[in-house]
């Protein structure tokens, strides 16, 4: 959806959860020398100013990454995320927040590849100027759902896919499910990460169960689902309550790594007394 700009939400609680999982997955992939391919279907601009008009309009980062920067008691995966955010800012004052492509680029090695798709012309232009000339990186102005088929399976048979649409339009829910199925049909070993918003919509409540069913059929190593609820709906029942990350073929280390992270985030990022978290996995994971 061309009206959507992630800059309004950069560094919020959802980004903290999503990027913690992404970093853990890519760090696990780096334990083997063979290269991997990272495919980002909705790559965005790659990085976002926290001092710009968009970010300051709602200040969502103040209830997200900002609450973690100066804490000395962070679980290791969150401490590593903060290290990446500081590296993105050259270790200085935090004025920028890295998007998923930046997280992946900071963790990639010479033998690894990034395939980044973004349909918004302005965000694509920013992303291309930032990463377009980096060795191993391709940035394309394209619908990531449609482009997915051209990227899988990678030659090395090691790959990670991030599916992270805005869900501003309801067809994103059905297209996300179809994209997961297609990714696993083309490459049953693919680690597929899907970010999901927690909204009081039937499509949002049904999608996790549909993803689980698809992964039960198509994924060799099962699935994992990490959920974080930090807010309550407004008086009209609107608003994002939190988010979750679904992973098909999760690394065997991911469940244990996230166990201390989720309750910590529920406490640290809580915007109401009922903040909570949940972590579940399938029998094969």
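The values are calculated or read from the model by the stated rules, or taken from the named source; none is laboratory data. Bear in mind that the values here come from a model prediction, so they are computed numbers and not experimental data. Cβ placement follows ideal geometry from the backbone for every residue including glycine, while neighbour counts extend to all protein chains displayed.
All but one of (1) surrounded by fewer than 23 Cβ atoms within 10 Å (Cβ to Cβ); (2) farther than 30 Å from residue 67 by Cβ hold for residue 205; state the number of the condition that does not hold.
(2)
For the stretch 153-170, which residues satisfy the criterion of being in a loop (DSSP other than H, G, I, E, B) and under 13 Å from residue 38 (Cβ atoms)? Break it down stepwise before answering.
Step one: list which residues in the stretch 153-170 are in a loop (DSSP other than H, G, I, E, B), which gives 153-158, 164-170.
Selection gives 154, 156, 158, 164.
When you go through 149, 140 one by one, which is the residue that is over 28 Å from residue 60 (Cα atoms), at pLDDT 95 or above and outside any loop (DSSP other than H, G, I, E, B)? Steps first, answer last, please.
Working: 149 fails: at pLDDT 95 or above.
Result: 140 is the single residue among 149, 140 that is over 28 Å from residue 60 (Cα atoms), at pLDDT 95 or above and outside any loop (DSSP other than H, G, I, E, B).
(1) more than 19 Å from the chain's Cα centre (by Cα); (2) over 23 Å from residue 73 (Cβ atoms); (3) buried (at least 18 other Cβ atoms within 10 Å of the Cβ): which one isn't true of residue 217, the others all being true?
(3)
Testing residue 24 on (1) in contact with a helix residue (DSSP H, G or I) (Cβ under 8 Å, 6 or more places away or on another chain); (2) more than 24 Å from residue 249 (Cβ to Cβ); (3) surrounded by 14 or more Cβ atoms within 10 Å (Cβ to Cβ), one condition comes back false. Which one is that?
Unmet for residue 24, out of (1) in contact with a helix residue (DSSP H, G or I) (Cβ under 8 Å, 6 or more places away or on another chain); (2) more than 24 Å from residue 249 (Cβ to Cβ); (3) surrounded by 14 or more Cβ atoms within 10 Å (Cβ to Cβ): (2).
Residue 8 is checked against (1) crowded, with 23+ Cβ neighbours inside 10 Å; (2) at pLDDT below 95 and fails just one. What number does that condition carry?
(1)
Residues being out of contact with any strand residue (DSSP E or B) (no Cβ under 8 Å at 6 or more places or on another chain) and surrounded by 14 or more Cβ atoms within 10 Å (Cβ to Cβ): count how many of those fall in the stretch 146-170.
Residues meeting the conditions: 2.
Could you run through the stretch 182-230 and say how many residues are closer than 17 Å to residue 20 by Cβ and either out of contact with any strand residue (DSSP E or B) (no Cβ under 9 Å at 6 or more places or on another chain) or in a helix (DSSP H, G or I) (or both)?
0
Looking at (1) closer than 23 Å to residue 180 by Cβ; (2) surrounded by fewer than 19 Cβ atoms within 10 Å (Cβ to Cβ), can you tell me which one residue 129 breaks?
With respect to (1) closer than 23 Å to residue 180 by Cβ; (2) surrounded by fewer than 19 Cβ atoms within 10 Å (Cβ to Cβ), residue 129 is out only on (1).
Mind counting the residues in the stretch 27-37 that are under 13 Å from residue 162 (Cβ atoms) and either without any contact (Cβ under 8 Å) to a residue 24 or more places away in the chain or within 12 Å of the chain's Cα centre (by Cα) (or both)?
Summing the residues that are under 13 Å from residue 162 (Cβ atoms) and either without any contact (Cβ under 8 Å) to a residue 24 or more places away in the chain or within 12 Å of the chain's Cα centre (by Cα) (or both) in the stretch 27-37 gives 0.
Tell me which residues, restricted to the stretch 184-214, are within 20 Å of residue 166 (Cα to Cα), within 19 Å of the chain's Cα centre (by Cα) and in contact (Cβ under 8 Å) with a residue 40 or more places away in the chain.
If the condition is that a residue be within 20 Å of residue 166 (Cα to Cα), within 19 Å of the chain's Cα centre (by Cα) and in contact (Cβ under 8 Å) with a residue 40 or more places away in the chain, then 192, 193, 194, 195, 196, 197, 198, 199 are the ones that fit.
Being part of a helix (DSSP H, G or I), out of contact with any strand residue (DSSP E or B) (no Cβ under 8 Å at 6 or more places or on another chain), in contact (Cβ under 8 Å) with a residue 12 or more places away in the chain and closer than 13 Å to residue 224 by Cα is the filter here, so list the residues in the stretch 254-283 that pass it.
Hit for the stretch 254-283 is 257, nothing else.
How many residues are surrounded by 14 or more Cβ atoms within 10 Å (Cβ to Cβ) and either in contact with a helix residue (DSSP H, G or I) (Cβ under 6 Å, 6 or more places away or on another chain) or closer than 23 Å to residue 254 by Cα (or both) when one looks only at the stretch 62-78?
Start the filter on the stretch 62-78 by keeping residues that are surrounded by 14 or more Cβ atoms within 10 Å (Cβ to Cβ), which leaves 62-68, 74-75, 77-78.
If we keep only those that are either in contact with a helix residue (DSSP H, G or I) (Cβ under 6 Å, 6 or more places away or on another chain) or closer than 23 Å to residue 254 by Cα (or both) too, we end up with 64-65, 67-68, 74-75, 77-78.
Summing the residues that are surrounded by 14 or more Cβ atoms within 10 Å (Cβ to Cβ) and either in contact with a helix residue (DSSP H, G or I) (Cβ under 6 Å, 6 or more places away or on another chain) or closer than 23 Å to residue 254 by Cα (or both) in the stretch 62-78 gives 8.
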